1. For the stretch 360-385, what are the residues that are within 18 Å of the chain's Cα centre (by Cα), buried (at least 20 other Cβ atoms within 10 Å of the Cβ) and not in a helix (DSSP H, G or I)?
2. Please verify whether the stretch 120-136 includes one or more residues that are touching a residue at least 12 places away in the same chain (Cβ under 8 Å), under 30 Å from Pro34 (Cα atoms), part of a loop (DSSP other than H, G, I, E, B) and among the small types (Gly, Ala, Ser).
3. Could you tell me whether Leu150 is closer than 26 Å to Phe249 by Cα and either under 16 Å from the mean Cα position of the chain (by Cα) or among the polar types (S, T, N, Q) (or both)?
4. From the list Leu312, Leu233, exactly one residue is assigned to a loop (DSSP other than H, G, I, E, B) and surrounded by 22 or more Cβ atoms within 10 Å (Cβ to Cβ). Which is it?
5. Out of the residues in the stretch 206-229 meeting the condition of being modelled with pLDDT of 90 or more, touching a helix residue (DSSP H, G or I) at 6+ places or on another chain (Cβ under 9 Å) and not in a helix (DSSP H, G or I), tell me which one is farthest from Leu96 (Cα to Cα).
6. Tell me, which residue of the stretch 197-216 that is without any contact (Cβ under 8 Å) to a residue 24 or more places away in the chain and closer than 25 Å to Ala116 by Cα is surrounded by the most Cβ atoms within 10 Å (Cβ to Cβ)?
7. Could you grab the pairs with beta carbons closer than 6 Å, sequence gap of 6+ or different chains, first residue in the stretch 153-173 and outside the structural domain of Gln286 (by TED's automatic domain parsing), second one at pLDDT below 95 and of a type in the set (D, E, K, R)?
8. Report yes if some residue within the stretch 276-295 is more than 27 Å from the chain's Cα centre (by Cα), closer than 23 Å to Ser375 by Cβ and part of a loop (DSSP other than H, G, I, E, B); otherwise report no.
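The values are calculated or read from the model by the stated rules, or taken from the named source; none is laboratory data. Just so you know, these numbers come straight off a predicted model, no measurement behind them. Note that each Cβ is placed from the backbone with ideal geometry, even for glycine, and that neighbours are counted across all protein chains shown.
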Amino acid sequence: MTPAHTAATVDVIVTTVGGGSATAMGGYTYVATPAAPTGVTAAAMSNTRVDIGWIAVSGATSYEVDRKAPGVGVTTFTSSTNAFSDIGVVACTAYLFRRGAVNVGGKSPDSAPALATTLFMANDPLTSTTPIRAIHLAQLRTAVNAVRTLANLGAATTTDSAVADTPIKAVHVTELRLALDDARGPLGLSTGGYADSPLTGVPVKAIHFQELRTAAGTTPLPSVPTAIVVNELATGTVASASDEYIEMFNNSNTAVDLSDWTVVYRAAAGVSDTTLVTIPAGTTIQPGGFYLLGGAGYNGATVADQSFTSGLSAVGGAVGIRNVGRTLVDSVGWGTATNALVEGTPAVAPPAGSGIDRQPDGFDTNNNSTDFKVSATLTPRAPNQ
């Protein structure tokens with residue numbers, strides 16, 4: 001092993017066993033260890049992919065990417081360029097990434113850490129005109145707890161359940177700030193620096209939630225989300241096949257007028273729509289809001305906004321939302337469905353008593369099997385769990 005040395009070419013003196021010697025002028029070149037990468041970023045591109053980038057380092061021939069995951073420790077990957085896509089991640093999980101530059105002289109010190117959390121938020125990014133709702137609080141609590149898990153901390157203590165119509169209070173924001181900073185510090189990340197701190201006598205604003213989303217490592221979904229989506233559905237219970245529902249969700253930052261929109265159904269191999277409902281004039285969904293359609297035997301605790309009588313097949317079928325011009329806005333197929341309403345590949349058919357829902361609310365890659373998961377926790381007209 002050669003001793004540590006600054007980058008330079010040096011002469012080499014070779015001594016023989018008999019005592020003779022020879023000098024090789026410029027016979028060895030010390031190569032300096034590269035500098036640590038800077039400008040590091042990490043952003044979730046889907047529930048199962050995080051893209052990591054950094055500024056290329058002069059003299060580096062390759063890079064090492066270290067990923068810290070909850071309960072797993074550090075996994076190291078090698079990249080020949082200053083970008084890397086990690087496809088070994090899972091949904092609703094926080095990860096910490098560090099990079100090192102490598103050449104024949106060795107590996108650089110680690111870069112500053114970058115946090116990425118595979119959770120996508122409703123109405124992201126929030127703007128000054130976006131009403132802050134319970135769904136935003138519920139999702140942010142999930143993200144903060146994911147970071148706390150990464151830091152080997154328990155779930156945060158919170159005030160009030162984040163259920164529909166829960167008033168958003170300053171204490172909710174303060175609790176999240178403290179809980180998140182408790183985790184960011186041990187992970188080597190900066191803390192504090194929040195707007196309007198403390199929140200004494202200050203109304204809760206969109207910026208208070210948006211900066212917490214950023215600090216928790218979440219990023220907006222890369223593609224432009226569909227404003228109105230089918231967010232959750234159930235095709236019946238053991239007691240009643242008609243105890244079913246379809247939930248719509250506004251994934252945008254503005255209210256959407258649903259006047260004369262329709263929700264349609266197709267059998268698994270169907271080639272034409274059956275109209276389940278036509279939405280009355282004057283119906284609007286606010287940002288982050290829900291609209292609930294209940295089947296003939298719907299028996300949920302939340303009252304449906306509108307009812308339909310045609311049943312949904314538990315084995316396979318598809319529902320879609322059509323706007324006033326009858327253009328298909330969003331749809332989901334499940335089970336054995338092969339009709340034109342299926343986006344990508346169909347979601348798994350939910351068993352009786354369970355449903356399929358987007359995790360998180362509004363998550364939309366236009367592939368039903370990716371966007372929808374089976375859930376035994378039914379949440380009609382409320383944030384998915």
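1. Once the filter is applied, which keeps residues that are within 18 Å of the chain's Cα centre (by Cα), buried (at least 20 other Cβ atoms within 10 Å of the Cβ) and not in a helix (DSSP H, G or I), the stretch 360-385 yields Pro360, Asp361, Gly362, Phe363, Asp364, Phe372, Pro383, Asn384.
2. no
3. No, not satisfied.
4. Leu312
5. Per the criteria, the residue is Val229.
6. In this case the residue turns out to be Glu211.
7. Thr166/Asp160
8. yes
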